[in-house]
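Please read the structure below before turning to the comments.
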Amino acid sequence: MSEHLIITESQRREITDIISLLAARVSENLKSGEAQNGLLSGIAGQLLFLFKAHQFDESIVDEDVFGEMLEVLQEQLADQSFELSNGLAGQAWVLEYFNQADQADYDPTLLDDVDDLFTEALNHNPWPGEIEMVLGLCGYAPYAARRAKFSDQHKLYGTIVSGLESTATYFDNGHIAWSQPAESVYRFDTDDKDKPEYNLGLAHGVPGMIAALLPAYHIPSLKARVDKLLSGACDWLMTHQNSASGADAEHSCYGSCAGAETHSRLGWCYGDLTIAMILARAGHALDRPSYVEHALEVAVHATKRDAENAYINDAGVCHGFVGLALIFNMLNDLMPHPALKARSIYWIEYGLQKFREGGIKSLYSYNGVTKEHEEEFGFLMGYSGIGCALISVLNDDTSWTECLLMS
């Protein structure tokens with residue numbers, strides 16, 4: 001258990017039972033053979049959960065199913081697209097994560113070909129495509145960061161840094177930001193594609209670029225270039241807080257896009273919590289206390305919001321109540337504060353109460369198209385991410401959140 005987060009033995013037993021139930025459901029789903037291979041919604045993300053569940057309690061995981069599906073994943077790597085969401089960047093990150101789990105048996109050459117493939121494929125100046133993490137350039141950063149723990153990744157990370165340098169907007173005051181590309185599928189304004197649009201979500205916006213760059217700060221040959229990008233982007237981000245947030249306890253500090261005084265949800269994908277997380281991480285890395293101070297103000301402000309005000313309608317890691325319990329706990333580890341610890345416990349109990357009332361259906365994912373809650377086994381929106389987050393509540397291991405740019 002985290003030294004910061006105190007839960008009752010009754011809550012621990014309830015959470016353990018839920019993890020066991022989710023592991024069984026995910027294993028059954030994998031045996032059906034219906035999932036695609038991707039990290040965020042497919043086989044790779046479900047295997048990641050089963051891997052963490054096996055580390056937590058070997059008895060709750062069907063090792064035969066895990067082994068069979070891992071073999072399938074490895075055999076089909078050559079047939080994958082490249083991006084993080086459903087492609088090779090996410091799947092290769094998972095394989096390297098598994099590879100590093102037992103350092104005595106670690107094979108540093110396992111993914112050498114992928115290193116070379118990505119370094120060559122990303123080598124464009126300027127970078128021509130999506131820049132965010134789900135489909136774009138920043139989605140290769142988790143793989144590079146994970147590989148860099150045991151091998152020299154200055155070439156691959158250098159390519160990523162060059163791509164972000166080539167697409168950045170450099171303001172006269174030293175600030176730096178990234179506008180959504182004209183043809184991005186994540187643009188809000190599709191009528192005027194030449195108009196700069198600075199997204200504020202971790203998944204698709206400037207906070208994601210900051211998070212993607214952070215590991216490269218520790219690569220000596222890249223440090224000066226990355227320092228400039230990080231400092232300029234964090235300074236820019238801190239000036240784009242909603243003007244009304246200080247006066248309104250329930251209004252978000254940041255909207256979804258710079259320049260629009262919108263009220264954003266609480267979650268991983270958008271909102272104050274992961275903006276605070278990224279600013280705090282940058283502040284610690286760059287030794288900039290002002291970033292951490294601002295991050296703490298934003299994070300504590302978010303403790304005042306409830307499920308209705310934060311637009312919480314399901315459980316998943318992306319923007320659900322289990323995701324909030326995880327993120328508040330991680331924020332408390334970054335910036336210990338009683339309000340953050342209390343809010344993590346609040347969302348844990350909120351989720352447990354939902355489960356007591358509705359059983360496993362309380363963990364279904366809300367489908368914005370059908371307007372119904374539906375069973376979802378994936379990592380970002382469904383059981384697999386929920387399971388990983390609940391395990392982290394019990395053992396404080398959040399290393400897997402690296403693939404979502406949270407660590």
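The values are calculated or read from the model by the stated rules, or taken from the named source; none is laboratory data. Just so it is clear, the structure is predicted and the values come from calculations on it, not from any experiment. Here the Cβ is made from the backbone with ideal geometry for all residues, glycine too, and neighbour counts use every protein chain on show. For accessibility, only protein heavy atoms count, side chains too; no ligands or nucleic acids. Shrake-Rupley method; radii C 1.70, N 1.55, O 1.52, S 1.80 Å.
In this view, the solvent-accessible surface of residue 120, computed with a 1.4 Å probe and all protein chains in place, comes to about 140 Å².
Remark: for residue pairs 223/304; 149/341; 52/155; 52/354, the C-alpha separation exceeds 28 Å in 223/304; 149/341; 52/155.
Given Cβ point charges of +1 (Lys, Arg) and -1 (Asp, Glu) and nothing else, what value in debye, to the nearest 20, does the dipole of segment 103-157 about its Cα centre take? Walk me through the intermediate numbers first.
Working: 4 positive and 10 negative charges, 49 e Å.
In debye, rounded to 20, segment 103-157 gives about 240.
Residue ranking by accessible heavy-atom surface, 1.4 Å probe, largest first, among 98, 355, 328 comes out as 355, 98, 328. Ranking 85, 127, 108 by how far each Cα lies toward the positive end of the dipole of segment 59-144 (charges on Cβ) leaves 127 at the top.
Other residues within the sphere of radius under 12 Å centred on the Cβ of residue 176, judged by their own Cβ, net out at -2 (K and R +1, D and E -1). Sorting 263, 319 by accessible area puts them as 263, 319; the probe is 1.4 Å, largest comes first, and only protein heavy atoms count.
Each part reduced to its alpha carbon centroid, segment 61-124 and segment 333-407 end up 25 Å apart.
If you add up the charges near residue 141, with Lys and Arg at +1 and Asp and Glu at -1, over every other residue whose beta carbon is less than 15 angstrom from its beta carbon, what do you get? Neighbourhood net charge equals -1.
With the convex hull constructed from alpha-carbon coordinates only, segment 31-184 shows a mean projected area of 11.0 nm² over all directions.
Working with all protein chains in place, sort 9, 34 by solvent-accessible area computed with a 1.4 Å probe, largest first. Intermediate values should be presented prior to the final figure.
Details: 9 110, 34 150 Å².
Correct descending sequence by accessible area is 34, 9.
When the chain is treated as a Gaussian network with alpha carbon springs shorter than 10 Å, the biggest mean-square fluctuation among 372, 293, 349 belongs to 372. In the chain, helices alone account for a calculated mean residue ellipticity at 222 nm of -15500 deg cm²/dmol, with every DSSP H run of four or more residues adding -39,500 (n - 2.57). For percent of Cα pairs over 31 Å apart, which listed value, [x] 53; [y] 35; [z] 39, comes from the coordinates shown? Comparing each candidate, only [y] matches the computed number.
For segment 20-103, divide the Cα radius of gyration by the Kirkwood radius and give the resulting Rg/Rh value with two decimals.
On the way: Rg = 12.1 Å, Rh = 12.7 Å.
The Rg/Rh ratio comes out at 0.95.
Any idea what % of Cα-Cα pairs in segment 161-279 are farther than 24 Å? Can you show the working numbers first?
Numbers: 1772 of 7021 pairs.
Of all Cα-Cα distances in segment 161-279, 25 percent exceed 24 Å.
Our analysis of segment 227-383 gives Rg over Rh at 0.99, with the two radii drawn from alpha carbon positions and Rh computed by the Kirkwood formula. Can you tally the net charge around residue 284? Count Lys and Arg as +1, Asp and Glu as -1, for every other residue whose Cβ sits under 15 Å from the Cβ of residue 284. Net of charged neighbours comes to -2. The accessible area of residue 297, taken with all protein chains in place and a 1.4 Å probe, comes to roughly 120 Å².
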